[in-house]
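Structure first, commentary second.
The values are calculated or read from the model by the stated rules, or taken from the named source; none is laboratory data. Source: prediction; values computed, not measured. All Cβ positions, glycine included, derive from the backbone under ideal geometry; neighbour counts span all protein chains shown. Each accessible area value is taken on the protein alone, full model and side chains, heavy atoms only, with ligands, DNA and RNA left out. Shrake-Rupley method; radii C 1.70, N 1.55, O 1.52, S 1.80 Å.
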Amino acid sequence: MLMYLYVSSEFSHDRFHVNADRIYRVNQTFIWGEGNKNQFSSTGPGVSFALEAEIPEAEQIVRINTPGDFLMSYINSAKGIKSFDQSKVLAADSNFFQVFTFPLLKGNPQTALRYPQTMVMTESTAKKYFGDEDPMGKMVRVGDGNQQQNYEVTGIAKDIPDNSYIQFDVMMSMTSFPIVKRVSWSWIWTQVETFMLLKPGFSEQQVRARLTNIPKTYAAPSIKSAMNMTYDEYIKSGREWNLYLQALTDIHLPKVFVYNRLNDAGNIKIVYALIAAGIVMVLLSCINFMNLSTSQYVRKAKETSLRKLLGSGSNQLRGKFIVEAFLFCCISLVIGICVTQLVLPSFNLITGKALQFNLFGDWKVLTALASLLMIMSLLSGSYPAIFLSAFSPVEALKGKLKSGKEGRTLRSSMVVFQFTISMVLIILTGVVSQQLRYVAEKDLGFERENLLQIDHTEWAKGKEAFVDAITRTPGVVSASWTTSVPPRVWGGDSFRAKESDKTIPINFAKADENYLPTLGVSLKVGRNFSKDIRGDSARVILNETAVQALGWKVDESVLGKKIVYPGENNMELEVIGVTNNYHFWQLNSPIEPMAVFHYKSGVYDSDKKYVVLRLKSQSSKELQGTIESLKVKWKQFTEDKPFEFSFVDQNFANAFKSAQEFGNSLTILSGFAIIIAALGLLGMTIYMLEQRTKEIGIRKVSGASVPSLVMLVSRDYSKLIIIAFVLSAPLAYWVVQQWLKEFEYRIAPSPLIFISVGVGTLLIAVLITSYHSIKAAMRNPVDVLRDE
């Protein structure tokens with residue numbers, strides 16, 4: 001049930017939209033990386049106009065922008081000012097609520113986003129600002145200082161469900177941002193996601209064919225303007241620019257990797273693995289029931305023989321065993337429902353989900369449980385039913401019933417299957433844990449620990465004084481003013497070497513002279529920015545990858561060379577240093593070209609600013625004191641604006657949230673699997689001892705010791721465990737290799753994990769069999785052999 005709820009939640013994403021089967025997102029080639037063939041969900045505003053002109057199958061096209069977080073305030077004469085650092089803010093075209101099914105509790109979906117300076121809030125967000133007041137028509141102040149604007153609340157949407165890729169608390173009208181209109185021609189300003197609603201009756205294959213030639217026709221002006229080359233020259237240089245169609249319902253569990261803009265995606269391979277694991281768990285349970293039923297076949301055989309002699313037919317007998325299995329499953333179902341309700345909160349905490357178990361409110365759950373009940377009853381009852389109704393009643397009543405070689409082979413195969421699957425799950429759990437530990441500890445090229453990021457420092461009055469005050473705070477080692485902090489470096493544009501016409505995409509941050517020392521990034525060549533050198537505002541520091549992409553050598557010869565920022569002024573920036581490569585994005589991306597410009601540089605940047613600061617190593621109590629001191633300094637420079645911060649190492653860890661959830665789920669599954677397999681082995685041991693009781697008695701009379709008898713019993717099952725390990729090791733290796741392909745930087749699975757699992761499983765098997773084996777060996781041979 002837990003696996004069903006988890007998997008069902010993953011597959012339910014974005015299927016609640018009325019037109020979900022006709023909504024597609026238009027992705028493009030990732031143009032900001034050299035040789036990176038992955039898809040990119042961010043497109044320029046100009047893509048939508050090209051689609052309108054070239055795709056007659058499109059009923060509506062809508063763009064969604066991520067303008068960032070804003071300071072938002074509501075002034076109430078009675079209650080004063082309520083201010084929040086509002087996150088989950090998006091902007092969209094006016095037809096957004098006509099394409100997507102986000103029901104409005106108040107407002108008109110056709111006009112709510114039609115005009116500039118209008119917004120739609122979710123129900124809980126409106127409650128936060130306005131309490132019990134009617135929010136419609138209320139004015140909210142957005143921004144700070146000279147950037148303030150008043151927005152009218154024109155709609156209230158129901159709170160966005162967790163299984164939606166598009167998550168927002170506030171949706172603003174796209175017309176509120178003049179820059180979008182100003183760069184409406186651009187394919188380079190990749191700041192929007194573009195969605196298309198197809199007309200009924202048209203297939204995505206028709207649209208895919210039309211997308212092929214659109215970039216050549218419409219992207220060429222952007223390429224010429226930004227990169228100073230024609231489209232053909234761009235393609236001849238070895239790069240691509242393609243458009244792709246991705247179904248809305250595939251975004252959360254994509255078939256290929258896509259860099260998303262609005263939200264993170266899940267992993268379809270993980271979901272398939274959990275489905276397979278859930279099915280295997282059911283099979284293991286059914287096998288156990290078969291083994292436990294057949295282990296008592298002598299007693300049941302005599303009972304069944306009497307029924308046969310009294311006139312019961314084979315079908316009646318088979319039905320009896322199926323009904324017995326059905327009753328066991330019904331009892332298990334009731335217990336399972338109760339346990340699910342009890343452990344679900346803990347399961348949600350471990351996996352990071354918000355799953356709900358509504359037995360009678362969801363017909364899918366009822367259908368799944370009813371189907372599972374019938375399947376498990378038939379599977380677990382079928383073998384005992386056939387086996388115990390097929391023998392001779394006369395032989396059974398004489399006590400001469402034999403299990404037969406076929407029965408022993410089948411039961412041994414079941415044990416091997418159970419432990420093979422269990423060991424695969426445990427090995428996979430170990431490798432997942434090892435990989436996640438590796439990415440958590442991997443050298444990023446800078447020191448991620450004790451780095452804290454303060455958001456929205458553009459609100460601070462006097463940036464240099466603010467940074468100086470932060471630096472002098474007890475517990476702070478250094479601080480830097482910047483436009484980006486790893487792993488959230490969003491700045492990027494095309495640049496070229498002065499002596500070349502070829503432009504390349506380079507990601508960048510603008511920062512002061514403390515940026516690289518605060519991060520702990522080392523210089524390979526040259527120097528850092530200096531506060532005493534005014535000319536540094538026209539200089540740049542590159543990483544090794546950027547230098548190589550520009551066609552230069554990573555040595556002293558690069559110093560003094562210039563890169564050109566194409567545009568109206570063709571700004572030239574002199575290279576004064578080269579850093580060692582460091583990870584400024586998440587670890588699931590390769591290191592791309594990166595530049596650091598002086599914060600006074602004329603290179604374009606966003607309105608959002610940050611301060612990154614390095615803290616001293618300190619206890620939790622001391623850290624809390626440092627943060628409280630930072631809040632005091634924040635208030636001095638920003639008055640009553642909200643203080644928001646995060647730790648850089650945690651921001652990196654969030655990239656592998658789905659993998660961490662998978663690892664936690666796998667740990668639970670593998671634990672259950674080994675318990676079930678152990679129970680199966682226990683049943684088989686009891687069965688075998690019942691069959692070999694007289695043999696053990698005879699061996700004991702003949703002088704066999706208790707340890708030798710225990711070894712005799714354990715030897716057979718040890719062989720089965722070894723066979724299971726031989727089968728599981730290559731299968732587990734193949735599975736983990738498929739999973740590790742999701743990571744740009746990955747481990748080589750340690751042989752120690754495989755060996756530990758094999759030896760550990762063997763020890764568990766020996767412990768399980770030892771108790772009953774010793775008990776059987778200690779019995780008085782007289783009690784066993786008196787019938788002979």
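Evaluate the following for Ala325: is it modelled with pLDDT of 75 or more, aliphatic (A, V, I, L, M) and under 20 Å from Ser377 (Cα atoms)? So Ala325 fits the description; yes. Within region 278-294, not a single residue is at pLDDT 85 or above, in a helix (DSSP H, G or I) and open to solvent by less than 30 Å² (accessible area, probe 1.4 Å). Taking region 344-378 as the search range and keeping residues that are among the aliphatic types (A, V, I, L, M), closer than 23 Å to Leu283 by Cα and open to solvent by 50 Å² or more (accessible area, probe 1.4 Å), which one is farthest from the chain's Cα centre (by Cα)? Filtering region 344-378 for residues that are among the aliphatic types (A, V, I, L, M), closer than 23 Å to Leu283 by Cα and open to solvent by 50 Å² or more (accessible area, probe 1.4 Å), the one farthest from the chain's Cα centre (by Cα) comes out as Leu378. Of the helices (runs of 4 or more DSSP H) lying entirely inside region 678-788, the ones with 3 or more residues being at pLDDT 75 or above and more than 30 Å from Thr429 (Cβ to Cβ) are found at 706-740. Only one of the numbered conditions (1) modelled with pLDDT under 80; (2) open to solvent by less than 20 Å² (accessible area, probe 1.4 Å); (3) over 22 Å from Phe321 (Cβ atoms) is violated by Gly381, and that is (3). If you go through region 148-168 and keep only what is surrounded by fewer than 22 Cβ atoms within 10 Å (Cβ to Cβ) and in a loop (DSSP other than H, G, I, E, B), you end up with Gln148, Lys158, Asp159, Ile160, Pro161, Asp162, Asn163, Ser164, Tyr165, Ile166, Gln167. Among the conditions (1) open to solvent by less than 40 Å² (accessible area, probe 1.4 Å); (2) touching a Ser or Thr at 6+ places or on another chain (Cβ under 7 Å); (3) of a type outside the set (Gly, Ala, Ser); (4) modelled with pLDDT under 85, Thr667 misses just one, which is (1). If you go through region 600-610 one residue at a time, do you hit one that is in contact (Cβ under 8 Å) with a residue 12 or more places away in the chain and in contact with a Pro (Cβ under 7 Å, 6 or more places away or on another chain)? No, that holds for no residue. In this structure, does Ala273 turn out to be free of Cβ contacts under 8 Å to residues at least 60 places away in the same chain and either open to solvent by 60 Å² or more (accessible area, probe 1.4 Å) or small (Gly, Ala, Ser) (or both)? Answer is no for this residue. Give the number of residues within region 598-638 that are in contact with a helix residue (DSSP H, G or I) (Cβ under 9 Å, 6 or more places away or on another chain) and either polar (S, T, N, Q) or open to solvent by 20 Å² or more (accessible area, probe 1.4 Å) (or both). Of the residues in region 598-638, 15 are in contact with a helix residue (DSSP H, G or I) (Cβ under 9 Å, 6 or more places away or on another chain) and either polar (S, T, N, Q) or open to solvent by 20 Å² or more (accessible area, probe 1.4 Å) (or both). With the structure loaded, tell me whether Lys224 is basic (Lys, Arg), touching a helix residue (DSSP H, G or I) at 6+ places or on another chain (Cβ under 9 Å) and in contact (Cβ under 8 Å) with a residue 12 or more places away in the chain or whether it fails that test. So Lys224 does not fit the description; no. Please verify whether Leu248 is farther than 17 Å from Ala673 by Cα and at pLDDT below 85, treating the condition exactly as stated. No; evaluated as a whole, the condition is false for this residue. Does Ile188 meet the test of being crowded, with 20+ Cβ neighbours inside 10 Å and within 30 Å of Thr457 (Cα to Cα)? Spelling it out, Ile188 is indeed crowded, with 20+ Cβ neighbours inside 10 Å and within 30 Å of Thr457 (Cα to Cα).
Restricting attention to region 130-147, the residues that are in a helix (DSSP H, G or I) and without any contact (Cβ under 8 Å) to a residue 12 or more places away in the chain add up to 1.
When Glu52 is tested against (1) surrounded by 15 or more Cβ atoms within 10 Å (Cβ to Cβ); (2) within 24 Å of Trp189 (Cβ to Cβ), just one condition goes unmet, and that condition is (1). Beta carbons closer than 6 Å, at least 6 apart along the sequence or on distinct chains, pair a first residue in region 455-466 that is closer than 16 Å to Tyr515 by Cα with a second that is open to solvent by 50 Å² or more (accessible area, probe 1.4 Å) and in a loop (DSSP other than H, G, I, E, B) for Asp455/Glu644. Remark: Glu592 falls outside the filter, which requires a residue to be assigned to a strand (DSSP E or B) and of a type in the set (Asp, Glu). The residues of region 484-512 that are open to solvent by 30 Å² or more (accessible area, probe 1.4 Å), in a loop (DSSP other than H, G, I, E, B) and farther than 19 Å from His583 by Cβ, listed by number, are Lys498, Glu499, Ser500, Asp501, Lys502. For region 429-456, the candidate set comprises residues that are open to solvent by 10 Å² or more (accessible area, probe 1.4 Å) and under 30 Å from Leu284 (Cα atoms); within that set, the residue that is modelled with the lowest pLDDT is Leu436. The residues of region 177-210 include none that are part of a strand (DSSP E or B), of a type in the set (S, T, N, Q) and over 28 Å from the mean Cα position of the chain (by Cα). For Ile421, the criteria (1) open to solvent by 50 Å² or more (accessible area, probe 1.4 Å); (2) closer than 20 Å to Gly671 by Cβ hold in every case but one, which is (1). Just wondering, is there one or more residues in region 513-525 that are within 21 Å of Leu573 (Cβ to Cβ), in a loop (DSSP other than H, G, I, E, B), open to solvent by 40 Å² or more (accessible area, probe 1.4 Å) and not aliphatic (A, V, I, L, M)? Among the residues of region 513-525, at least one is within 21 Å of Leu573 (Cβ to Cβ), in a loop (DSSP other than H, G, I, E, B), open to solvent by 40 Å² or more (accessible area, probe 1.4 Å) and not aliphatic (A, V, I, L, M), which makes the answer yes. Across region 234-241, a minimum of one residue is classified as closer than 25 Å to Pro505 by Cα, β-branched (Val, Ile, Thr) and open to solvent by 40 Å² or more (accessible area, probe 1.4 Å). Scanning region 228-243 for residues being at pLDDT 85 or above and touching a strand residue (DSSP E or B) at 6+ places or on another chain (Cβ under 7 Å) gives a total of 4.
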